[in-house]
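These notes concern the structure reproduced below.
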Amino acid sequence: MATAPPRRPGGHFQPPSPGASEQIAWQIRQYLEEQHLKPGDRLGTEQELADEFGVSRPTLREALRLLSASQLIRVGRGRAGGIFVARTPSEGMRANLSESVALMLAADTISMDELLDARLSLEVPLAGRAAANATDETVERLEAAVKAAEGHAPGTEPFNNADTEFHQILAEAAGNVLLRGLTGWILEVLQPSLIGTISGDVDQDLILDQHRAILRAVRRRQRGAAEKAMRAHIEYLTETLHNKADR
């Protein structure tokens, strides 16, 4: 009876149960996270990974297919080819969640109003965490984002980019990778849809004042004030959406 090839010396992975492609995929996901690998990092060739796991190449390919479906790895061909990191696990989670939310929104199984309600539940505490964890660099970046939006109307590219940057900085400053991943759909799906729907109805000066109120609370490291200011901001957007729907 044929025996499985030995693991490479110093290999990172444990031989899985026979036919357990899911176990291989899980081990690779865990390895990406533990080693803090970044997009573009090389894991090895298909043959090298098959040898390390002690499995056949078809079994490994099924595991790679699962990882590719999750947008975590990509397979490069040619002499410089191999298996490369495409996204970190947190980035993959965010991408999959954003895609699911986008499909639900397109199919009318969830409404923009429901998404704003979810945003209220997520971004209010996120703003509080950002204020508690903020550094001087965080404050400077938020100030730059507010300044970049000044003089531009909502719905224009400069305003939209600055608005997205402002909320992205807050998500990063919150210091929680899981929460950042869970809220990724806000910037990738909800924000563009919301801008397209109500950009002509919002008050530019009021939006900027709301951002400045959040910035002020973050600058002072006032968690409660940041949460209050973010709540007022999202409630204003929700009210604007409702008013537009009633007309």
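Restrict the check to segment 150-172 and report whether at least one residue is more than 28 Å from residue 247 (Cβ to Cβ), of a type in the set (Ser, Thr, Tyr), modelled with pLDDT under 95 and outside any helix (DSSP H, G or I). For segment 150-172, residues more than 28 Å from residue 247 (Cβ to Cβ), of a type in the set (Ser, Thr, Tyr), modelled with pLDDT under 95 and outside any helix (DSSP H, G or I): absent. Checked against (1) without any contact (Cβ under 8 Å) to a residue 40 or more places away in the chain; (2) over 18 Å from residue 181 (Cβ atoms), residue 92 meets all criteria but (2).
Of all the criteria given as (1) in contact (Cβ under 8 Å) with a residue 12 or more places away in the chain; (2) open to solvent by 40 Å² or more (accessible area, probe 1.4 Å); (3) more than 21 Å from residue 116 (Cβ to Cβ), the one not satisfied by residue 227 is (3). Scanning segment 78-95 for residues that are modelled with pLDDT under 80 and out of contact with any helix residue (DSSP H, G or I) (no Cβ under 9 Å at 6 or more places or on another chain) yields 78, 79, 80. The set of residues from segment 120-141 being open to solvent by 30 Å² or more (accessible area, probe 1.4 Å), part of a helix (DSSP H, G or I) and out of contact with any Gly (no Cβ under 7 Å at 6 or more places or on another chain) comprises 120, 121, 122, 125, 132, 136, 137, 140, 141. Of all the listed residues (117, 201, 113, 205), the sole one being assigned to a loop (DSSP other than H, G, I, E, B), surrounded by fewer than 16 Cβ atoms within 10 Å (Cβ to Cβ) and charged (D, E, K, R) is 201. With the structure loaded, tell me whether residue 239 is in contact (Cβ under 8 Å) with a residue 12 or more places away in the chain, in a helix (DSSP H, G or I) and acidic (Asp, Glu) or whether it fails that test. In short, no. The set of residues in segment 65-93 that are open to solvent by less than 10 Å² (accessible area, probe 1.4 Å) and in a helix (DSSP H, G or I) comprises 67, 92.
Of all residues in segment 39-56, those that are open to solvent by 40 Å² or more (accessible area, probe 1.4 Å) have Cβ atoms under 8 Å from Cβ atoms of residues that are assigned to a loop (DSSP other than H, G, I, E, B) and among the hydroxyl-bearing types (Ser, Thr, Tyr), 6 or more apart or on another chain, in 39/88.
For segment 167-189, the set of residues classified as surrounded by fewer than 21 Cβ atoms within 10 Å (Cβ to Cβ) and hydrophobic (A, V, I, L, M, F, W, C) consists of 177, 178, 179, 182, 187, listed by residue number. When residue 221 is tested against (1) in a helix (DSSP H, G or I); (2) open to solvent by 70 Å² or more (accessible area, probe 1.4 Å), only condition (1) is not met.
The values are calculated or read from the model by the stated rules, or taken from the named source; none is laboratory data. Given the structure is predicted, the values throughout are model-derived calculations rather than measurements. Methodologically, a virtual Cβ is constructed for each residue, glycine included, from the backbone with ideal geometry; neighbour enumeration extends over all protein chains shown. Please note that ligands, DNA and RNA were not included when accessible areas were found on the heavy atoms of the full protein model with its side chains. Shrake-Rupley method; radii C 1.70, N 1.55, O 1.52, S 1.80 Å.
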